[in-house]
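Written out below as structure tokens is the structure these notes cover.
The values are calculated or read from the model by the stated rules, or taken from the named source; none is laboratory data. Quantities reported herein were computed from a predicted structural model and do not represent experimental measurements. Note that each Cβ is placed from the backbone with ideal geometry, even for glycine, and that neighbours are counted across all protein chains shown.
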Amino acid sequence: MKVLVVNAGSSSIKYQLFEMPARRILAKGMIERIGQADAALVHTCSGSKHTARICAADHDAGMAVILSTLTDKKIGVLSEIGQIGAVGHRVVHGGEEFTGSVVIDAHVLDSIERFADLAPLHNPPNLTGIRAAMHSLPSAVQVACFDTAFHTTLPPAAYIYGLPFDIYEKFRVRRYGFHGTSHRYVARRCAKLMGLDKSAANIITCHLGNGCSITAVKAGKSVDTSMGMTPLEGVIMGTRCGDVDPAILFYLGDKGYDTKQLNAMCNKQSGLLGISGISNDMRNLLGRVAEGNTRAKLAVDIFCYRITKYIGAYTAVLGRVDAVVFTGGIGENNPALRAQICADQPQIGIQIDPARNDASSSDERLISAETSRVKVFVIPTDEEGAIAGDTYELAAGKSK
Ligand code: ADP
């Protein structure tokens, strides 16, 4: 079965076409700047990359371009779009309702729309992508895979904030957590690499990309995670501030900042970018650190320090930690940062092996020393592959 994985943003659609159950990627790409005059397509298949200016006034038009590209005689990989048996959609917020991936029906569509209140920037474009796919591929099974689903196992002690309880009851203000598909995928791979059943392994997973989150996985289940009601909480990220004293916002409110400005400040102008005043991109920052820039160094030090702190906290939460996993663009690719994050952790049993850590590889690998009580792994994340896996299972189950 061919499974198309779709990640629709406000002005973009990313896609990957898989041959399942082999999880072989047949083609992938992205449409950018939907609704603008300079909309563009980047499409990769059989190792070659094609770019084109396109007309895509909306997501329906974008989806039509994707499908005609996939069936194009020269750069396509399908003879007809009917070969696509199922479409898996990344959906950011599934509220408290969705504990796993689901086949989309009218009720699921309603719920995703309802949870747009909790994820106003993400759920509406996700929904637009789903509707466009339902429209263009009416006979394919459509599946929603939620970023929040893996974290629905959090206990109340981890998800209830210290606010009046009726704020939770009235508005469902609580910790939801995000990046769930990535945390679930790397935790399962890690258990497998250790030869343990997923229900036997206690793992701290560190997803460090543009957005960053840390999760405590106990016996295969997420029991705490650093992102909160929104992706703003937790460690510092490219442009997000992570944990701050909420009273800072009241203080700045009294100084004349309105909620829109504070929202933009915390989400778009903080984190690595805000502290360094240089860039939200870790590679750029490290270049400036190498030149001796002290603000870039401060931003990187804070980044590492906060992660170290979460690993320590989640060690206490888990009691016994079998492994720490690094994933995401930063976690997978930067040995120096992994070493800095783990440098102060020998007392809790984390010891990096410098040669293993420095070895250049894009494979899953162990980077801790033989004597390290806690194993440390680098595991490239594969959110699309995980979505394709869930989608295939649900679609195959449906046709039985
Ligand atoms: P997203 O969260 O958007 O999926 P990625 O997981 O691709 O993003 O992570 C992007 C981040 O990874 C950027 O800050 C980028 O600079 C960083 N990154 C990629 N390669 C390296 C590297 N070799 N060293 C340090 N940071 C890196």
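In the set (1) assigned to a helix (DSSP H, G or I); (2) over 30 Å from SER199 (Cα atoms), TYR314 fails one condition alone, (2). Of the listed requirements (1) over 17 Å from the mean Cα position of the chain (by Cα); (2) buried (at least 18 other Cβ atoms within 10 Å of the Cβ); (3) of a type in the set (Lys, Arg), ARG184 misses just one: (1). Evaluating ALA219 against the criteria (1) more than 18 Å from VAL317 (Cβ to Cβ); (2) more than 15 Å from the ligand (Cβ to nearest atom) leaves one unmet condition, (1). Return the residues of the range 317-341 that are assigned to a helix (DSSP H, G or I) and more than 16 Å from the ligand (Cβ to nearest atom); say none if nothing qualifies. Answer for the range 317-341, where residues must be assigned to a helix (DSSP H, G or I) and more than 16 Å from the ligand (Cβ to nearest atom): VAL317, LEU318. Got at least one residue in the range 286-302 being assigned to a helix (DSSP H, G or I), exposed (fewer than 14 other Cβ atoms within 10 Å of the Cβ) and among the small types (Gly, Ala, Ser)? The answer is yes, given that some residue of the range 286-302 is assigned to a helix (DSSP H, G or I), exposed (fewer than 14 other Cβ atoms within 10 Å of the Cβ) and among the small types (Gly, Ala, Ser).
For the range 277-288, indicate whether the set of residues that are of a type in the set (Ser, Thr, Tyr) and either under 22 Å from the mean Cα position of the chain (by Cα) or more than 12 Å from the ligand (Cβ to nearest atom) (or both) is non-empty.
Taking the range 277-288 as the starting set, the residues that turn out to be of a type in the set (Ser, Thr, Tyr) are 279.
Now narrow it down to the ones that are either under 22 Å from the mean Cα position of the chain (by Cα) or more than 12 Å from the ligand (Cβ to nearest atom) (or both): 279.
Looking through the range 277-288, at least one residue is of a type in the set (Ser, Thr, Tyr) and either under 22 Å from the mean Cα position of the chain (by Cα) or more than 12 Å from the ligand (Cβ to nearest atom) (or both).
State all residues of the range 152-175 that are part of a loop (DSSP other than H, G, I, E, B) and farther than 15 Å from VAL217 by Cα; if no residue qualifies, say none.
In the first step, residues of the range 152-175 are kept if they are part of a loop (DSSP other than H, G, I, E, B); the result is 154-155, 160-164, 172-175.
Correct list: ILE160, TYR161, GLY162, LEU163, PRO164, ARG172, VAL173, ARG174, ARG175.
Quick one: is ALA86 in contact (Cβ under 8 Å) with a residue 40 or more places away in the chain, over 19 Å from the mean Cα position of the chain (by Cα) and in a strand (DSSP E or B)?
On the way: in contact (Cβ under 8 Å) with a residue 40 or more places away in the chain: yes; over 19 Å from the mean Cα position of the chain (by Cα): yes; in a strand (DSSP E or B): yes.
Considered against the rule, which asks whether it is in contact (Cβ under 8 Å) with a residue 40 or more places away in the chain, over 19 Å from the mean Cα position of the chain (by Cα) and in a strand (DSSP E or B), ALA86 comes out as yes.
Here the condition is being free of Cβ contacts under 8 Å to residues at least 40 places away in the same chain, away from the ligand (no atom under 16 Å from the Cβ) and part of a loop (DSSP other than H, G, I, E, B); of ASP344, ASP363, it holds for ASP344 alone. Being in contact with a His (Cβ under 6 Å, 6 or more places away or on another chain), in contact (Cβ under 8 Å) with a residue 24 or more places away in the chain and of a type in the set (Gly, Ala, Ser) narrows it down to one residue among GLY319, GLY385, GLY328; which is it? Answer to the selection: GLY328. Considering the range 312-329, the residues that are surrounded by 24 or more Cβ atoms within 10 Å (Cβ to Cβ) and among the hydrophobic types (A, V, I, L, M, F, W, C) include one that is farthest from ILE203 (Cα to Cα), namely PHE326.
Yes/no per residue for (1) within 16 Å of the ligand (Cβ to nearest atom); (2) within 20 Å of ASP382 (Cα to Cα); (3) hydroxyl-bearing (Ser, Thr, Tyr); (4) modelled with pLDDT of 95 or more:
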residue	(1), (2), (3), (4)
ASP224	no, no, no, yes
THR239	yes, no, yes, yes
ASP245	no, no, no, yes
TYR251	no, no, yes, yes
GLY256	no, no, no, yes
THR259	no, no, yes, yes
ILE275	yes, no, no, yes
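Summed over the range 194-226, residues that are touching a residue at least 60 places away in the same chain (Cβ under 8 Å), crowded, with 24+ Cβ neighbours inside 10 Å, in a strand (DSSP E or B) and among the hydroxyl-bearing types (Ser, Thr, Tyr) total 3.
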